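**Q** First, the structure itself, so that you have it in front of you.
Just so it is clear, none of the values below were taken in a lab; they were calculated from the coordinates. Small disclaimer: the values here were computed from a predicted structure and weren't measured. Here the Cβ positions follow ideal geometry from the backbone for every residue, glycine too, while neighbour counts run over all protein chains shown.
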Amino acid sequence: MPDTILVIIEQRQGKLNRASWETITAGQAIAAATGWTLEAAVVAARVGELASEVAAKKVAKAYAVESPKLEPYTPDAFVAALKPFISAKQPKLVLMPHTYQVRDFVPKLATAMGRTVISDCIGFKHENGKLVFTRQMFQGKFSADVSFASEAPWFATFQNGAFRGDKAEAGASAAPVETVKAEIADNIVRNKPQEVFKETKQAVDLTQAEIIVSVGRGIKEQKNIELAKHLADALGGDLAASRPICDSGWLPMDRQIGSSGQTVAPKLYLALGISGAIQHIVGMKGSRTIIAVNKDPEAPIFEIADYAIVGNLFDIVPPLIEEVKKAKAGG
Amino acid sequence: MKILVCMKQVPQKDAPLKLNESGTWIREDVSYEVNEPDAYALEEALRQKEKHSGEVVVITSGPARAQQVLREALAKGADRAIHLEDNAFVGLDALNTAKAFAAAIKDEKFDLILTGLQSDDYGYAQTGVVLAELLGWPHATIIMQIEKKESGIRVKRELEAGYFQFVEMPLPAVLTIQSGINKLRYATLIGIKNAKNKPLRKVAMAELKSAFGENLQKIERLYIPQKTKKTELIEGSPAEIAKKLVDKLRNELRVL
């Protein structure tokens, strides 16, 4: 029997997480490279229609792993459901999206099984029969190819956007669906989660912005935010920031771009003094044009920039504001 | 509350990094600093102690240079420190690091263990959760608030896209802390002076060796990422750069 790749699908309130399709695409690519069989499992209190949605993709089999105790999500219930399931199915490789939920339970799951997770991968290579996973290190300054040195099952998670969800291939016919009732003992769930909520009503919707001027640590002081604001105003764009700026309270949280903030895709993204940590990049790499100003020529933001200006933003921005104003006035 | 904070020393954010000869790690002759989320974890531990009394203990692993992280923590108000001292700790995977920590604290009774949600070097985002599982404790990740209750704690978890969730859980527990949960304090002069007399326990790798095994994952190679995008460098004086940029904005991007 060939080895199996098992993709664990994430759902919220009956909807598949978009990142799950990306993991299916990743699984299909690894299956094509290795000749292994691809299967997928949806884990939920009631999987319902979701299983057939997954079974329509090019997978050999879809599982619906169900227990009323899986809702609301807790790491204890998820590990109690998945450990025996994975032990029984014996996949070679278990893939998941690197979501906040997966980050919460997959290290526990792997540890409970005496295994390891290669987390937050951006790709894979199959070289001379050996499978290696590529992940970013040192905040994206380097990439590392990482291999497993343990017995199966191997666990790996993929970064948001590492694969294209819309490239997940459909199957020629629907794959069979098997429902697995997870047995979760009564007293094992220790955490009591409450309702999910949004802090305040999002005042600023940057997802529709056409031009975004975004500031990072390079702005140095709160009073310098004003300079970026002037540039945003001159361009007719919106002001945004990387996480440290909002953490410092220099701009409100609803102006934060990145994994914990908004994901944007404007025509123009002008990054001022942003180094380009992975958590920020995932929120803006879909921008049509990226201009980056940073004094560090090695800053990872330049990896994804269309136009790179290596220099001090305090030298560059004032004349830029003047030139933009001139251009606008001149028509 | 007796709180342990797991901290890590990482290369400074804007330090230029170079690969070593074998292309498996960075050259170590760079400046280091405390991993930022760990600094927030320490701050939160100190605030909890100020509210509920107790003790704050800090732990790190790494070569002699890593002691700086512990010294700073003691200067800010931590009561004592544990240093798993050996350069080889740097190369451990998350599972082995957590096993080493678990072995080093086996005779202690903590109510709470805090650590940053991930490190700036490896970026595993795993060690805290793995440690919880090894200890058999509950955990919660990416925490933005901790409130002590009669029977345990109530924490605020950050979810994606601006969502949050409160979770009640019993103690002892492990929490991974998100940057920005609080405002960091600076060490005072008196704090720095007092730190010199606070206990710092060194643990050699040999004492812990039986607790962990071979790494279960291996870095085959480390390299500068291949560029996927063609980047045009815009050079000149600030005035020239501004003119060139406006020309691009107007004639190529058509946003002006």
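**Q** Away from chain A (no Cβ under 12 Å), more than 18 Å from residue A:117 (Cβ to Cβ) and free of Cβ contacts under 8 Å to residues at least 40 places away in the same chain, is that true of residue B:194?
**A** Answer is no for this residue.
Per-residue answers, yes or no, for (1) aliphatic (A, V, I, L, M); (2) within 7 Å of another protein chain (Cβ to nearest Cβ); (3) crowded, with 23+ Cβ neighbours inside 10 Å:
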{"site": "A:90", "(1), (2), (3)": "no, no, no"}
{"site": "A:93", "(1), (2), (3)": "yes, no, yes"}
{"site": "A:98", "(1), (2), (3)": "no, no, yes"}
{"site": "A:107", "(1), (2), (3)": "no, yes, yes"}
{"site": "A:116", "(1), (2), (3)": "no, yes, yes"}
{"site": "A:133", "(1), (2), (3)": "no, no, yes"}
{"site": "A:143", "(1), (2), (3)": "no, yes, no"}
{"site": "A:149", "(1), (2), (3)": "yes, yes, no"}
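**Q** Return yes when residue A:245 is within 12 Å of chain B (Cβ to nearest Cβ), β-branched (Val, Ile, Thr), touching a residue at least 12 places away in the same chain (Cβ under 8 Å) and crowded, with 21+ Cβ neighbours inside 10 Å and no when it is not.
**A** Judged against the criteria, residue A:245 is a match.
Here's the yes/no breakdown for (1) outside any strand (DSSP E or B); (2) surrounded by 13 or more Cβ atoms within 10 Å (Cβ to Cβ); (3) under 23 Å from the mean Cα position of the chain (by Cα):
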site	(1), (2), (3)
B:186	yes, no, yes
B:192	yes, yes, yes
B:210	yes, no, no
B:230	yes, no, no
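**Q** Would you be able to tell me the number of residues in the range A:257-270 that are touching a residue at least 24 places away in the same chain (Cβ under 8 Å) and either part of a helix (DSSP H, G or I) or within 20 Å of the chain's Cα centre (by Cα) (or both)?
**A** Summing the residues that are touching a residue at least 24 places away in the same chain (Cβ under 8 Å) and either part of a helix (DSSP H, G or I) or within 20 Å of the chain's Cα centre (by Cα) (or both) in the range A:257-270 gives 9.
**Q** Residues in the range B:120-137: is at least one under 11 Å from the mean Cα position of the chain (by Cα), more than 7 Å from chain A (Cβ to nearest Cβ) and buried (at least 23 other Cβ atoms within 10 Å of the Cβ)?
**A** Yes, the conditions are met somewhere in the range B:120-137.
**Q** Which of the residues spanning the range B:80-99 are part of a helix (DSSP H, G or I), of a type outside the set (S, T, N, Q) and closer than 20 Å to residue A:112 by Cα?
**A** Of everything in the range B:80-99, those that are part of a helix (DSSP H, G or I), of a type outside the set (S, T, N, Q) and closer than 20 Å to residue A:112 by Cα turn out to be B:94, B:95, B:98, B:99.
Here is a yes/no grid of residues against (1) away from every other protein chain (no Cβ under 12 Å); (2) hydroxyl-bearing (Ser, Thr, Tyr); (3) under 13 Å from the mean Cα position of the chain (by Cα); (4) in a loop (DSSP other than H, G, I, E, B):
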{"residue": "B:10", "(1), (2), (3), (4)": "no, no, yes, no"}
{"residue": "B:41", "(1), (2), (3), (4)": "yes, no, yes, no"}
{"residue": "B:78", "(1), (2), (3), (4)": "yes, no, no, yes"}
{"residue": "B:101", "(1), (2), (3), (4)": "yes, no, no, no"}
{"residue": "B:108", "(1), (2), (3), (4)": "yes, no, no, yes"}
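**Q** Cβ-Cβ under 8 Å, sequence separation 6+ or interchain: first residue in the range B:138-161 and within 9 Å of another protein chain (Cβ to nearest Cβ), partner hydroxyl-bearing (Ser, Thr, Tyr) and assigned to a strand (DSSP E or B). Which pairs?
**A** These pairs meet every condition: B:139/B:176; B:140/B:176; B:141/B:176; B:142/B:176; B:157/B:141.
**Q** If you don't mind, there's one more thing I want to ask. Of the conditions (1) in contact (Cβ under 8 Å) with a residue 40 or more places away in the chain; (2) closer than 30 Å to residue A:198 by Cβ, residue B:187 clears all except one; give me its number.
**A** Single failed check for residue B:187: (2).
**Q** Something else about it: Of all residues in the range B:142-180 being in a helix (DSSP H, G or I) and among the small types (Gly, Ala, Ser), which is nearest to residue A:283 (Cα to Cα)?
**A** B:161
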